[in-house]
Structures are given as structure tokens and as C-alpha cells.
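Inspection log for the structure reproduced underneath, given as C-alpha cells.
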Amino acid sequence: MITPVDAEVLVVVVDDDPQVRLGLRLVLGTDRGIRVIGEASDGVEAEAVIARHRPDVVLMDIRMPRCDGLTATAREVAADPALPVIVLTAFDADEDVVRALRAGARGFLLKDAPPIELVAAVRAAATGRRVLAPDVLDKVMRLAADHAQLPSAAERDALAALTPRECDVARALSHDASNAAISAELFLSVTTVKTHVGRILAKLGVDNRAQAAAVIRRSMPAPRAGTQ
């Protein structure tokens, strides 16, 4: 449902940190036309709160216990496609942006966004507009450009030369994961990860991780659901 421009905007805030919820309530309270009518600490609780209060906009954290924000967003949008959900996160990883938009989120903002930007985003979402913070919009445009450019034969051949373990590391690189994050995900030492990254860069003929990530995103198919 699209809220008229001059109507009060009713908001539900979903975040596992009570201090964050309080901060969001205080920020939104600076606008007399916005009212927080409910809070939830995770995606499970959010389902009941949203059903009870029927808000105009939902502010949804990503990383929460029991049910994360992206899963909750997909569920709520499936139940009510007109419900505007703005995903909030302290991170700006590429995969979070893409997954949020695929889940049906109406917007994506970082938690450190200026108060005026947050208020404007809530009002915009309530009137049916999509909301992306400027830095997030840049990221989306870059991702679109990466995927729009078709892989060359040389890139396909280079990726075909990667070992299975290098393919695992390459997929993590495509998500801009750090060496430490890859180490934890694949149960490898950081030194081993560095070695794999170096070999991947050499095989792809690129100078840095960002260039490698772009090649991998447009050339390497995503793993099928249920596979690693």
C-alpha cells in the first residue's frame, strides 16, 4: 500500500540490538509525520509484530538470531508485495546488497547513514519509491556493469584452469571476502588462502583482487542450491 504524501508513516523496527532500535526510534521521532508503532528483535518476532501492527514501512536488520533479516524480508514481501522493507546493515558487502534486492527489499541503507537520509528513505519508501544510499547505488551499478560485460574466451579458459579449491576461493573473492573470512569459511590457514589468491590472480592475468572479483562474477556460474 502506498501512503499518501501528507499521511503519517507508521514504522516497525526490526533489530536484535535494543540500543540500535532505540536510536532508530529517536531519529525517526524527529519527524512528526513518522511514528514507530512496533519493534522486534529478530525475523521470527517480526512476523507477529508486522501482522499485528500493519506498518507502512519496515526497517529490517540483516544479521539477527533465529531468523535473519533477508529471510524475513523475503517472507514478508511474499505475503504482502506492497509492503516496503528497507534493509539496514552495518556492512556493505556486495552479496548483502544483491541478496536484499533479490529478497524484495524496497531499499538498502547503512546503519551509519545520516539521520536526514534515514528519515527521507522512510518517507520515500512509504510513497512507493525505491531507496538506495549513494554508496550502495554505486555498488549496484558496478555489479550490474560486471555482469553486463560478457566473459571473454581467455577469461573462461583461465577459470577452467583453476583447481577445485581455487574455485572455492575464487567464489569467495567474488563476494569481496577478506583472507581471514575465506580462511574461516573454507577451514584453511590464512597463509594457504594467500597462496591460492596469488595463484588465482596469476591465472586470471589481473593485478588485484577487485579485478579478479569482476572477472569471476561475470564468468563463473554460481553454485547450485544445496551445493558448496
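The values are calculated or read from the model by the stated rules, or taken from the named source; none is laboratory data. Nothing here was measured: the structure is a model prediction, and the numbers come from that model. Here Cβ is always computed from backbone atoms with ideal geometry, including for glycine, and neighbour counts include all displayed protein chains. Accessible surface areas use protein heavy atoms only, side chains included; no ligands, DNA or RNA. Shrake-Rupley method; radii C 1.70, N 1.55, O 1.52, S 1.80 Å.
When ligands, DNA and RNA are left out and all protein chains stay put, how many square angstrom of accessible area per residue does segment 18-134 have with a 1.4 Å probe?
Numbers: 5400 Å² over 117 residues.
Ligands and nucleic acids excluded, the result is 46 Å² per residue.
Return the Rg/Rh value of segment 158-218, two decimal places, where both radii are evaluated on C-alpha atoms and Rh is the Kirkwood radius.
Details: Rg = 10.1 Å, Rh = 11.1 Å.
On the Cα set of segment 158-218, Rg over Rh gives 0.91.
Modelled label-to-label distance, residue 51 and residue 185, 7 Å Cα→beta-carbon offset: nm?
3.4 nm
Express the relative contact order of segment 1-68 as a whole percentage, based on alpha carbon pairs under 8 Å and six or more residues apart in sequence.
Values: 110 pairs, mean separation 28.1, N = 68.
Reported relative contact order: 41 percent.
Please list the three semi-axes, largest first and in whole Å, of the ellipsoid equivalent to segment 55-122, using sqrt of 5 times the eigenvalues of its alpha carbon gyration tensor. Walk me through the numbers on the way to the answer.
On the way: eigenvalues 60, 45, 21 Å².
Equivalent ellipsoid semi-axes, largest first: 17, 15, 10 Å.
Just round it to a whole percent: the fraction of Cα-Cα distances in segment 1-88 exceeding 21 Å.
Values: 861 of 3828 pairs.
When all Cα pairs of segment 1-88 are counted, 22 percent exceed 21 Å.
What list of ³J(HN,Hα) couplings, whole Hz, do you get for segment 161-169 from phi and the Karplus terms 6.51, -1.76, 1.60, once you set θ to phi - 60° and write x for glycine and proline?
3J(HN,Hα) across segment 161-169, in whole Hz: 7, 6, 6, x, 5, 5, 5, 4, 5.
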